[in-house]
Structure formats: structure tokens, C-alpha cells
Amino acid sequence: MKALKKVIKDIGLRLTTIFIIIFTLSFSSLILSFPIKWLWNYVIPPIFNLPKITYYQSLALFILSGLLIKNTLTVNKKED
């Protein structure tokens, strides 16, 4: 009986953790995509005569830029 309660508690903890991770990623992508949309719609259409973009297009630009421009900074340790 105690083992079953422990398993149920462990499953609940894992589901809570997964929910928190999904919520955090969704919220951060929402927060980070809106500035891209606003900046694009403010700067690009008047200069280059391109159309305005939607939220989902700005999210795609955010993901694409993250894939193309990664921070690959590495620190080399000097061996004595």
C-alpha cells in the first residue's frame, strides 16, 4: 500500500514538473515573439514594402533565428 502511494505521488510530481516546463516554454515564446512581430511590423513594411507578419510568423522567425544563430562560445581550459 505504501509503495502504491509512493508511485502515485511520484507520478503526480513528474506530471507537475512536465506541466511547469511546458507552461514556462509557452509563456517565454509568447513573450519573446511579440517584440519580433512589433519590430518587424514597425520597421520592415515601410522600408522594404513587405507585408506585416502575424504572431505565428514571428514565432517561426524566433525559432529560425535561434537555430541559425546559436551561441557557440566555448572556454578552452589551459593544461599545465
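The values are calculated or read from the model by the stated rules, or taken from the named source; none is laboratory data. Every value quoted in this text rests on a predicted model; they were computed, and no experiment measured them. So basically every Cβ, Gly included, is an ideal-geometry build from the backbone, and we count neighbours across all protein chains shown.
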Any residue in segment 30-51 that is closer than 18 Å to I63 by Cβ and without any contact (Cβ under 8 Å) to a residue 24 or more places away in the chain sitting within a Cβ distance under 9 Å of a residue that is surrounded by 10 or more Cβ atoms within 10 Å (Cβ to Cβ) and β-branched (V, I, T)? List the pairs, counting only those 6 or more apart or interchain. K37/I53; K37/T54; W40/I53
Hey, among K37, K52, K6, which residue is modelled with pLDDT of 90 or more, of a type in the set (K, R) and part of a helix (DSSP H, G or I)? K37
